[in-house]
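Taking it in order: structure first as structure tokens, then the write-up.
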Amino acid sequence: MSPPLRLDSSDALPAAFVARLARHRHLFQDHEFLDTVPESRSVRSIADDLEAYLKQQRIHGYHCTKEPSPGFFETRGLRPTNVQAHQAEFLSMFGDQFTADEVTEMKAAWEDYFERHGQRRLRDGFVWACLSRSLVKTSGTETFFRFFGGESIFMPLKQDLSIASKLETIGRAVVVEVALPGDVLKAGYEMSLAVLSRHHATIRPDAYPYESEARLRQMVPPTDIICVTPLSEFQP
């Protein structure tokens with residue numbers, strides 16, 4: 001099986017698409033922002049065809065998190081978020097590192113944030129991943145590497161100094177690289193936009209870069225874990 005496509009690789013834009021884009025070079029030269037270029041009907045058609053192509057591929061993704069123990073993700077894969085199950089598992093594994101009062105505070109904060117304010121329904125059932133490698137080491141991922149447990153655990157607890165400091169000491173910050181089926185990904189920006197953005201930069205160096213992240217509603221099995229890299233060793 002061929003390796004999954006990296007959206008920031010030249011392999012993500014097949015030669016046939018490069019040839020089709022060549023006749024529209026002037027449009028890419030004239031626009032700093034790529035999302036105005038596809039207003040051209042011809043470029044929009046190319047972008048739609050590229051998106052359809054990418055959905056037929058396996059896509060290289062990056063999940064930013066903390067690993068509780070070596071080999072955890074290689075053995076278990078990535079599971080869709082289940083807020084209540086993740087909280088129960090967390091307390092089973094690490095509850096003894098917190099005082100009884102802190103556990104009570106955590107449960108109350110979780111109940112208020114996820115249940116009373118409805119945040120659980122926005123998170124349950126999803127696995128999230130960066131599709132652009134350049135997104136991994138940014139301000140948007142910092143908290144996932146800093147605090148253990150994912151948003152199901154740390155989101156309403158970041159301002160509690162005692163609890164937050166303990167969440168920082170649990171686990172090891174890692175980047176879980178995964179192979180994802182393109183046809184089930186729901187991307188923030190279309191995958192084709194990220195690929196065309198790289199092409200745009202070869203024509204106009206000051207072109208605004210578009211990066212992509214995505215969610216899917218199914219687990220990533222251990223067989224689709226490419227590698228798990230400590231954050232300190234990850235090269236953007």
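The values are calculated or read from the model by the stated rules, or taken from the named source; none is laboratory data. No experiment lies behind these values; they were computed from the predicted model shown. Glycine gets a Cβ as well: all are built from the backbone with ideal geometry, and neighbour counts include every protein chain shown. To get the accessible areas, we keep the full protein, side chains included, count just its heavy atoms, and leave off ligands, DNA and RNA. Shrake-Rupley method; radii C 1.70, N 1.55, O 1.52, S 1.80 Å.
If I filter region 13-20 for residues that are in a loop (DSSP other than H, G, I, E, B) and closer than 18 Å to PRO209 by Cα, do I get at least one hit? Scanning region 13-20 turns up at least one residue that is in a loop (DSSP other than H, G, I, E, B) and closer than 18 Å to PRO209 by Cα. Every condition in (1) touching a strand residue (DSSP E or B) at 6+ places or on another chain (Cβ under 7 Å); (2) at positive phi is met by PRO80 except one, and the failing one is (2). What is the one condition in (1) in contact (Cβ under 8 Å) with a residue 40 or more places away in the chain; (2) within 30 Å of GLN29 (Cβ to Cβ); (3) of a type in the set (A, V, I, L, M) that ALA201 does not satisfy? Failed condition: (1). Of the residues in region 109-118, not one is surrounded by 16 or more Cβ atoms within 10 Å (Cβ to Cβ) and either in a loop (DSSP other than H, G, I, E, B) or of a type in the set (S, T, N, Q) (or both). Screening region 138-160 for residues that are buried (at least 18 other Cβ atoms within 10 Å of the Cβ) and outside any helix (DSSP H, G or I) and picking the one that is nearest to the chain's Cα centre (by Cα) gives THR141. Only a single item in (1) touching an Asp or Glu at 6+ places or on another chain (Cβ under 6 Å); (2) open to solvent by less than 20 Å² (accessible area, probe 1.4 Å) is not met by LYS55, and it is number (2).
Among residues of region 149-165 that are touching a residue at least 12 places away in the same chain (Cβ under 8 Å), those with a Cβ under 8 angstrom from a residue that is of a type in the set (Lys, Arg), sequence gap 6+ or separate chain, pair up as GLY149/LYS66; GLU151/ARG123; SER152/ARG123; ALA164/LYS158.
Listed conditions (1) open to solvent by 80 Å² or more (accessible area, probe 1.4 Å); (2) over 26 Å from the mean Cα position of the chain (by Cα) are all met by ALA16, apart from (1). Looking at VAL103, VAL127, just one residue is surrounded by 12 or more Cβ atoms within 10 Å (Cβ to Cβ), at pLDDT 95 or above and under 24 Å from the mean Cα position of the chain (by Cα), and that residue is VAL127. Being assigned to a helix (DSSP H, G or I), open to solvent by 60 Å² or more (accessible area, probe 1.4 Å) and of a type in the set (A, V, I, L, M) holds for only one residue in LEU91, LEU122, and it is LEU122.
Within region 177-191, residues that are in contact (Cβ under 8 Å) with a residue 40 or more places away in the chain sit with their Cβ atoms under 6 Å from residues that are surrounded by 19 or more Cβ atoms within 10 Å (Cβ to Cβ) and among the small types (Gly, Ala, Ser), at 6+ positions apart or across chains, in these pairs: VAL178/GLY61; LEU180/GLY61; LEU185/ALA214; ALA187/SER212; ALA187/ALA214; MET191/SER212. For region 64-72, indicate whether the set of residues that are open to solvent by 20 Å² or more (accessible area, probe 1.4 Å) and basic (Lys, Arg) is non-empty. Taking every residue of region 64-72 in turn, none turns out to be open to solvent by 20 Å² or more (accessible area, probe 1.4 Å) and basic (Lys, Arg). Report yes if THR81 is touching a helix residue (DSSP H, G or I) at 6+ places or on another chain (Cβ under 7 Å), assigned to a loop (DSSP other than H, G, I, E, B) and open to solvent by 20 Å² or more (accessible area, probe 1.4 Å), otherwise no. When the stated conditions are applied, THR81 passes them.
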